[in-house]
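This report concerns only the one structure given below.
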Amino acid sequence: MSSSVLTQVLASSVAIADKAGEIVRDIMTKGNLGIVEKTGKDDLQTQADRSAQDCIIASLAKQFPKLTVVGEEGEQDLTGVPAEWIVTVADPEAAKVTCPDEYKDVAMEDLTVWVDPLDGTKEYTQGLLDHVTVLIGIAVGKKSVAGVVHQPYWNYKSTEPNAPIGRTFYGLIGAGVFGFSPISPPVGQRIITTTRSHGTGLVQQALEVLKPSEVLKVGGAGHKVNLLMEGQAHAYVFPTPGCKKWDTCAPEAILHAMGGKLTDMSGKQYEYHSTVEHMNGEGVLATATISEHAWFVENIPQEIKDGVRSSLKKK
């Protein structure tokens, strides 16, 4: 196993995300999703969310008892988690990742892991399965530095016999991205991805100012950032409070590891220590390249940026 604490947790998280994806697919196959509303019809929880989180939290607790983990579904009783859901190994390929010098001496207590066991729950219940991701983000101190994204339904529409379904990719700032090859977005266009279910007037105002050549309204923060990594969009623009730290920690780290950038709407980095506010109260702005990020920060009017925080106060 890798010698640094950070890469040990990363390699184990890759194996754990794979297992969580299996659980998500199994529950959909059986058909009893167990849907409940948390705060309303746009904030759902299913048996898949609960079971995948049980798998992830119990597996991390088994392998790293002193690790701080924050999961979207809150504190759960892990005493009844089936033994077959508890992953006790690391991914062998991820274990080979060389830890950058600045993180080699990181201690377990310096880490906070942010878990979204099923990002895109509403889309999962609606059958928009390619919007669904499992997210495990790893912060050192206040900074997101490593992330794992599992797509349980990647390639699920393939007509090839015995086609593989699902994939996991991951990144570590200073080491790179693994599990897929990033693709640059098309030159001469401005494709923006944004929310399909949490829209406000601010989203529309931003789109009118930015004049995108195309708008992709999709579910799940993880899926939106995936579109940037895969060259299908240039920017993810979300001038609304709504995302949480478990939505952005993993995608941010992978995006930064490949040369992109994710911040709030004003260009400030979010912090990911365990006691930070869970809400990303200043919205999300992410781009496939750092150079494009500065253009978006400069061209989004201040009144839209100011409006994000004031809309949070009204909630």
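The values are calculated or read from the model by the stated rules, or taken from the named source; none is laboratory data. It should be emphasised that the depicted structure is a prediction, and the values quoted were computed from it without experimental measurement. These accessible areas exclude ligands, DNA and RNA; they are computed on the full protein's heavy atoms, side chains included. Shrake-Rupley method; radii C 1.70, N 1.55, O 1.52, S 1.80 Å.
Given a 1.4 Å probe and heavy atoms of the protein chains only, how would you sort Thr159, Thr68, Thr98, Thr193, largest accessible area at the top?
Working: Thr159 130, Thr68 55, Thr98 100, Thr193 0 Å².
Per-residue accessible area, sorted high to low, gives Thr159, Thr98, Thr68, Thr193.
For Asp119, tell me the accessible area in Å² from a 1.4 Å probe, rounded to the nearest 10.
10 Å²
For Trp295, what accessible surface area do you get with a 1.4 Å probe? Give it in Å², rounded to 10.
Number for this one is 90 Å².
Going by accessible area, probe 1.4 Å, with all protein chains left in place, what is the ranking of Glu208, Glu282, largest first?
Values: Glu208 110, Glu282 50 Å².
Ranking Glu208, Glu282 by accessible area, largest first, yields Glu208, Glu282.
Under a cut-off of 15 Å between alpha-carbon atoms, report the aspartates and glutamates in cross-link reach of Lys244, not counting same-chain residues fewer than 8 places apart.
Qualifying aspartates and glutamates at Cα under 15 Å: Asp42, Asp43, Glu72, Glu73, Asp116, Asp119, Glu252, Asp264, Glu271, Glu277, Glu282.
Can you give me the relative contact order of the chain as a percent, contacts being Cα pairs under 8 Å and 6 or more apart? Please list the in-between numbers first.
Values: 702 pairs, mean separation 53.9, N = 315.
It comes to 17 percent, rounded to a whole number.
Report the accessible area of Lys157, computed with a 1.4 Å probe over the heavy atoms of all protein chains in place, in Å² rounded to the nearest 10.
Per-residue accessible area (Lys157): approximately 140 Å².
Ranked from the most accessible area to the least, with a 1.4 Å probe and all protein chains present, what is the order of His293, His256? Write out the running numbers ahead of the final one.
On the way: His293 5, His256 45 Å².
Sorted by accessible area, descending: His256, His293.
Hey, what's the Cα Rg ratio for the range 143-290 versus the globular rule of thumb, 2.2 N^0.38 Å? The partial results should precede the final answer.
Working: Rg = 15.2 Å, N = 148, 2.2 N^0.38 = 14.7 Å.
Ratio of Cα Rg to 2.2 N^0.38 Å: 1.04.
Do the alpha carbons of any pairs in Lys30/Lys224; Lys66/Lys245; Lys224/Lys268; Lys122/Lys142; Lys143/Lys217 sit beyond 25 Å of each other, and which pairs? Let's see the in-between values first.
Numbers: Lys30/Lys224 28 Å; Lys66/Lys245 21 Å; Lys224/Lys268 19 Å; Lys122/Lys142 30 Å; Lys143/Lys217 28 Å.
Going by Cα-Cα distance, Lys30/Lys224; Lys122/Lys142; Lys143/Lys217 fall outside the 25 Å limit.
Rounded to whole Å and ordered largest first, report the semi-axes of the equivalent ellipsoid of the chain derived from its Cα gyration tensor (root of 5λ).
On the way: eigenvalues 164, 99, 78 Å².
Semi-axis lengths for the chain are 29, 22, 20 Å.
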